[in-house]
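**Q** One structure, pasted below without further comment.
The values are calculated or read from the model by the stated rules, or taken from the named source; none is laboratory data. This one's a predicted model, so the numbers in the text were calculated from it and none came from an experiment. As a convention, Cβ positions derive from the backbone with ideal geometry for all residues, glycine included, and neighbour counts pool all protein chains shown. What goes into the accessible areas is simple: the full protein's heavy atoms, side chains included, and nothing from ligands, DNA or RNA. Shrake-Rupley method; radii C 1.70, N 1.55, O 1.52, S 1.80 Å.
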Amino acid sequence: MGAYQDFYRRSIDQRDAFWTEQAQLIDWHKPFGKVLDYSKPPFAKWFVGGETNLCHNALDRHLAARGDQKALIFISTETGQEQTWSFRELHTEVSRCAAMIRGQGVAKGDRVLIYMPMIPEAVFAMLACARLGAVHSVVFGGFAAHSLAARIDDARPKLMITADGGLRGGRAILYQPMFSEALRISKSPPGKVIVFNRGLDPDLKLKPGRDLDYETLRAQHMDEAVPVTWLEASEPSYILYTSGTTGQPKGVQRDTGGYAVALAASMKHIYDGRPGETMFTTSDIGWVVGHSYIVYGPLIHGMTTILYEGLPIRPDAGIWWKIVSEHKVTVMFSSPTAARVLKKQDPAYLKKYDLSGLRHLFLAGEPLDEPTHRWMSDAIGRPVIDHYWQTETGWPILSAVPGIEATPVKPGSPSFPVFGYDLRLLRESDASEAGPNEKCVVAVIPPLPPGCMTTVWGDDERFVRTYFTSFRDKLVYTTFDWGIRDADGYYFILGRTDDVINVAGHRLGTREIEEAVQAHPNVAEVAVVGVADPVKGQMPLAFAVVKDATRIATPKLRASHEQEVMNTVDKMLGAIGRPSRVHFVTLLPKTRSGKLLRRTIQALAEGRDPGDLTTIEDPGALEQIRAALAVKR
Ligand code: PRX
């Protein structure tokens, strides 16, 4: 591990020299003076005084050398569309979109909320915001009215850009019912809403004075060139909300210069992509993977990116591999859930196409079990790399770095710490360092490297309190993940230390789901836990105490009440948070001080030993959980 070790050590021991070198991978309008200002720990300001712009680095700077190269390929197996934009064409389209946004009075620092399906206009809108120095807040299209409203209220956007709907498995998911309700209940709704009409909603109605039709507006700005707004490196590029322990999602704030450098460095050294090649990331633009590796990363690196709307198995399980082969994809990024979905299909589909050009398939977002890792590598006959990171970091924390050295992978392990991260495994009790194979908390000694979150939007105090106070007397960033390191230095991630669950790679807070369940008027109290699922990794499971027990007096009433509660979750949070079951009990297991014993419930639901039960207030509550789990529907 010579080359990897040298590269990694240099990033830690000669931090400033290392990052000065990586910073050459992007264009600077004005060079930075100081590599890092860490005068106010844990707040890190990278590339101080430097001026740059994400859109310029993604598009403008490539025009001379690769103006005619494909920049964006949109493939929808839902509509059958396939459309391509060269760097020049994408630049023109993004300028139009920037003119449209600017025309609504949006200027540098203003927030723009993007609530869109996987369509090219979503990419145009993100890049257009970046061009203007406006801060985008993309909200995943799977979130429903209440979640959307909470994000609107926190970011206070001047403008929202949305569409009439998304498509999934041939079914339209209409957005207007959700965004109209969100705007109605929001305390600070944006004054303007641009709606892209895909023709999915015959009842789509634009509200005069507030709503604007995307195409009409575009036609008014066809030839408008919008200059890039230069930002100081630490000025914000975007906010992306993520779940934690509380019901209130945190706005992860990202800077501009550090993010551009981290993405450029990761594209080269981790993903091992080359300018001119094609990258295919199967995530959604509403998640961090979509931000970093559908939109910004590949384009900054001069690569073509593929935006895919559809499922991995429709029309058949060969579709992604057909795309890889036809578009000569060299770097692919997907999720363990997608791999497990494919594993259930006929493996012949994966053998049908020539995948020899694919250098690596990267998987992240949730634990990758060993059998799935092995199966995936065998099925496609290409190297599969598990890598680990978070919305907070914006780019990988643990990974192999094949651009530096082709270290062997161990199935089940996301390999080693990535350059820039002073990664440690720390004992919860006293923050001392773990020994080999000792389960400890995965932590990073600050400053966090470039590209990581700079604060919680509008709440510096929450940033420090949430991430840097887990260990007494020691300022350390906690990932909230358990991990171990084996004798060969390979890391393994063993799940979260908090109440975050991971459903098909979608990160959700159990508290968030509980609040959605509790929105049902007949629910007095509820506990939601994540339970191991063979395909989705985890599934939420709810135990609810009702106010009026007559509503669940018979099995039939119970079943319909359960459905009603599930519908409430769909409406409040979105179907991604819907529990697999809602069991009704009269008592929840709690400690004497009233703390819900979620871990105990989770252990029972997974058929594990719940451990020490001496703290429980009323053991009868556990009996009810056991009984509820024993009853099959
Ligand atoms: O628990 C870890 C898990 O997903 C969390 C981060 O999720 P999110 O913020 O949505 O960012 C995903 C970016 C890829 C982590 O705290 N996680 C992510 N990757 C892995 C993982 N768990 C195990 N192995 C991984 N490779």
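**Q** Which one is surrounded by the fewest Cβ atoms within 10 Å (Cβ to Cβ) among residues in the range 500-511 that are on the phi < 0 side of the Ramachandran plot and within 12 Å of the ligand (Cβ to nearest atom)?
**A** The residue in question is ARG507.
**Q** Could you check the range 296-320 and list, in sequence order, the residues that are on the phi > 0 side of the Ramachandran plot and either in contact with a Leu (Cβ under 8 Å, 6 or more places away or on another chain) or open to solvent by 10 Å² or more (accessible area, probe 1.4 Å) (or both)?
**A** First, the residues of the range 296-320 that are on the phi > 0 side of the Ramachandran plot: 302, 310.
Selection gives GLY310 alone.
**Q** Tell me which of these LYS45 doesn't satisfy, since it passes every other one: (1) part of a strand (DSSP E or B); (2) open to solvent by less than 50 Å² (accessible area, probe 1.4 Å).
**A** Condition (2) is where LYS45 drops out.
Conditions (1) open to solvent by 40 Å² or more (accessible area, probe 1.4 Å); (2) out of contact with any Asp or Glu (no Cβ under 6 Å at 6 or more places or on another chain); (3) touching a residue at least 40 places away in the same chain (Cβ under 8 Å); (4) not polar (S, T, N, Q), marked per residue:
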residue: VAL106; (1), (2), (3), (4): no, yes, yes, yes
residue: LEU132; (1), (2), (3), (4): no, yes, yes, yes
residue: PHE143; (1), (2), (3), (4): no, yes, yes, yes
residue: HIS146; (1), (2), (3), (4): yes, yes, yes, yes
residue: ALA150; (1), (2), (3), (4): no, yes, yes, yes
residue: LEU167; (1), (2), (3), (4): no, no, yes, yes
residue: ILE194; (1), (2), (3), (4): no, yes, yes, yes
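**Q** Moving on. Counting only residues that are part of a loop (DSSP other than H, G, I, E, B) and of a type in the set (D, E, K, R), which one in the range 77-115 is farthest from VAL195 (Cα to Cα)?
**A** Filtering first and then ranking leaves LYS108.
**Q** Could you look through the range 459-495, keep only residues that are of a type in the set (Phe, Trp, Tyr) and assigned to a helix (DSSP H, G or I), and pick out the one that is nearest to the ligand (Cβ to nearest atom)? Working first, answer last.
**A** So the first thing to find is which residues in the range 459-495 are of a type in the set (Phe, Trp, Tyr), and the list is 463, 467-468, 471, 477, 480, 482, 490-492.
From what's left, assigned to a helix (DSSP H, G or I): 463, 467-468.
Numbers: PHE463: 15, TYR467: 12, PHE468: 16 Å.
Within the range 459-495, the match that is nearest to the ligand (Cβ to nearest atom) is TYR467.
**Q** Something else: Does LEU350 satisfy the condition of being buried (at least 19 other Cβ atoms within 10 Å of the Cβ), more than 16 Å from the ligand (Cβ to nearest atom) and at pLDDT below 95?
**A** For LEU350, the condition - buried (at least 19 other Cβ atoms within 10 Å of the Cβ), more than 16 Å from the ligand (Cβ to nearest atom) and at pLDDT below 95 - is met.
**Q** Same structure again: For a quick check of your reading: which helices (runs of 4 or more DSSP H) sit entirely within the range 322-427 and have at least 2 residues that are under 19 Å from the mean Cα position of the chain (by Cα)?
**A** 336-343
**Q** Output yes when any residue across the range 562-575 is closer than 25 Å to LEU622 by Cβ, open to solvent by 20 Å² or more (accessible area, probe 1.4 Å) and of a type in the set (A, V, I, L, M), and no when none is.
**A** No, the range 562-575 contains no residue that is closer than 25 Å to LEU622 by Cβ, open to solvent by 20 Å² or more (accessible area, probe 1.4 Å) and of a type in the set (A, V, I, L, M).
**Q** Also: Given (1) away from the ligand (no atom under 14 Å from the Cβ); (2) open to solvent by 40 Å² or more (accessible area, probe 1.4 Å), where does THR245 come up short, assuming only one miss?
**A** The number of the failed condition is (1).
**Q** Next question. Here are ILE173, ILE161: which of them is assigned to a strand (DSSP E or B) and open to solvent by 10 Å² or more (accessible area, probe 1.4 Å)?
**A** Working: ILE161 fails: open to solvent by 10 Å² or more (accessible area, probe 1.4 Å).
The match here is ILE173.
**Q** Hey, another quick one. When both residues are 6+ apart or on different chains and their Cβ atoms are under 7 Å apart, which pairs have a first residue that lies in the range 174-185 and is aliphatic (A, V, I, L, M), and a second that is open to solvent by 40 Å² or more (accessible area, probe 1.4 Å)?
**A** Pairs that qualify, where the first residue is aliphatic (A, V, I, L, M) and the partner is open to solvent by 40 Å² or more (accessible area, probe 1.4 Å), are LEU174/LEU200; LEU183/PRO189.
**Q** Looking only at the range 611-633, how many residues end up being within 17 Å of VAL531 (Cα to Cα), in a helix (DSSP H, G or I) and of a type outside the set (Gly, Ala, Ser)?
**A** 4
**Q** Report yes if GLY67 is over 27 Å from the mean Cα position of the chain (by Cα), of a type in the set (Gly, Ala, Ser), on the phi > 0 side of the Ramachandran plot and open to solvent by less than 40 Å² (accessible area, probe 1.4 Å), otherwise no.
**A** no
**Q** Just to verify a result, which residue in the range 572-588, among those that are touching a residue at least 60 places away in the same chain (Cβ under 8 Å) and part of a loop (DSSP other than H, G, I, E, B), is farthest from GLU525 (Cα to Cα)?
**A** It comes out as GLY574.
**Q** Condition first: open to solvent by 30 Å² or more (accessible area, probe 1.4 Å) and more than 16 Å from the ligand (Cβ to nearest atom). Now tell me which residues in the range 512-533 satisfy that.
**A** Matches in the range 512-533: GLU515, GLN518, ALA519, PRO521, ALA524, GLU525.
**Q** Looking at HIS373, HIS327, HIS387, can you tell me which residue is on the phi < 0 side of the Ramachandran plot, modelled with pLDDT of 95 or more, surrounded by fewer than 22 Cβ atoms within 10 Å (Cβ to Cβ) and within 11 Å of the ligand (Cβ to nearest atom)?
**A** Working: HIS327 fails: within 11 Å of the ligand (Cβ to nearest atom); HIS387 fails: surrounded by fewer than 22 Cβ atoms within 10 Å (Cβ to Cβ).
Within the list HIS373, HIS327, HIS387, the selection yields HIS373.
**Q** Counting only residues that are aliphatic (A, V, I, L, M) and within 14 Å of LEU113 (Cα to Cα), how many does the range 146-174 have?
**A** Residues in the range 146-174 being aliphatic (A, V, I, L, M) and within 14 Å of LEU113 (Cα to Cα): 9 in total.
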